[in-house]
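Peer 1: Have a look at this one.
The values are calculated or read from the model by the stated rules, or taken from the named source; none is laboratory data. Not measured: the values here are computed from a predicted model. Positions of Cβ are generated from backbone atoms using ideal geometry, with glycine treated the same way; all protein chains shown enter the neighbour counts.
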Amino acid sequence: MEKLNRAIDSRMSRLALIEEEITQLRERRALTRQKWDSLQDRVEDLIPLVEPYLAMRNCFISTFKRDKLGNATEEDLEIIKERTFSAKEFEGDASTDVQLYYSPHKRTDWYVFEQLYGLPAPVVKQLTHRDTLTVLNTHAAILASNTQKGTEIFYKLFSVFIELFEKSNYDPAYLEGFSTPVSDAYWAFIKCWKGEVAGVDSQIVD
């Protein structure tokens with residue numbers, strides 16, 4: 001009996017240490033997130049000062065409307081005509097693109113943004129979680145691309161992630177602690193891109 005009690009005490013001590021380590025990891029992650037949020041705020045404050053980049057992002061959305069949706073307006077065509085394309089122009093950038101719907105540019109085609117990024121602009125405007133933004137940016141880049149094409153599985157896995165993320169009330173903590181349906185959906189999407197996107201580069205869009 002004494003041996004059993006010692007064994008139980010030993011395991012309880014190890015469990016307490018593990019719980020303490022988990023708590024410390026969560027605290028460090030929270031601190032990192034706070035720093036990231038602060039940096040994100042600073043970047044967003046600077047975005048209005050970087051007019052050429054905003055113009056490039058504006059062109060990305062208008063080009064998607066012309067090439068993929070087939071409903072570009074005269075204003076979209078003017079935006080495209082004024083731009084010289086670069087490789088960066090074909091990447092997703094949800095954090096910047098959402099500013100175009102609130103900045104002096106004031107785009108009004110909200111549905112286009114949601115088709116590209118899977119979430120409404122007001123929701124994305126509040127997002128600072130880098131891993132989630134990576135998912136959104138990757139989807140937008142492939143959807144808008146003329147050289148890369150995602151399979152039905154690629155888009156299905158994205159839709160599953162978006163649906164579960166919405167049901168979680170957009171909780172960004174899905175990669176912390178134990179696995180959840182949202183974290184499983186995240187990893188399923190992240191791991192699928194190499195096999196489910198033709199001609200994709202060696203690194204995921206970020």
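Peer 1: Which one is farthest from TRP193 (Cα to Cα) among residues in segment 104-124 that are surrounded by 15 or more Cβ atoms within 10 Å (Cβ to Cβ) and modelled with pLDDT under 95?
Peer 2: Only one residue tops the list, namely HIS105.
Peer 1: May I ask you to list pairs of residues, at least six apart or on different chains, whose Cβ atoms are under 9 Å apart, with the first in segment 128-141 being over 10 Å from GLY92 (Cβ atoms) and the second being assigned to a helix (DSSP H, G or I) and β-branched (Val, Ile, Thr)?
Peer 2: Qualifying pairs under 9 Å: ASP131/ILE190.
Peer 1: Say we look at segment 80-103 and pick out the residues that are surrounded by 12 or more Cβ atoms within 10 Å (Cβ to Cβ), part of a loop (DSSP other than H, G, I, E, B) and out of contact with any Pro (no Cβ under 8 Å at 6 or more places or on another chain); which of these is modelled with the lowest pLDDT?
Peer 2: Initially, segment 80-103 is screened for residues surrounded by 12 or more Cβ atoms within 10 Å (Cβ to Cβ), giving 80, 83, 85, 89-103.
Checking which are part of a loop (DSSP other than H, G, I, E, B) leaves us with 83, 85, 91-93, 102-103.
The next check asks that each one be out of contact with any Pro (no Cβ under 8 Å at 6 or more places or on another chain); those that pass are 83, 85, 91-93, 102.
Working: ARG83: 70, PHE85: 58, GLU91: 86, GLY92: 94, ASP93: 94, TYR102: 90.
Ranking the qualifying residues of segment 80-103, first place goes to PHE85.
Peer 1: Go through segment 140-161 residue by residue and tally those that are among the β-branched types (Val, Ile, Thr), surrounded by fewer than 20 Cβ atoms within 10 Å (Cβ to Cβ) and not in a loop (DSSP other than H, G, I, E, B).
Peer 2: 2
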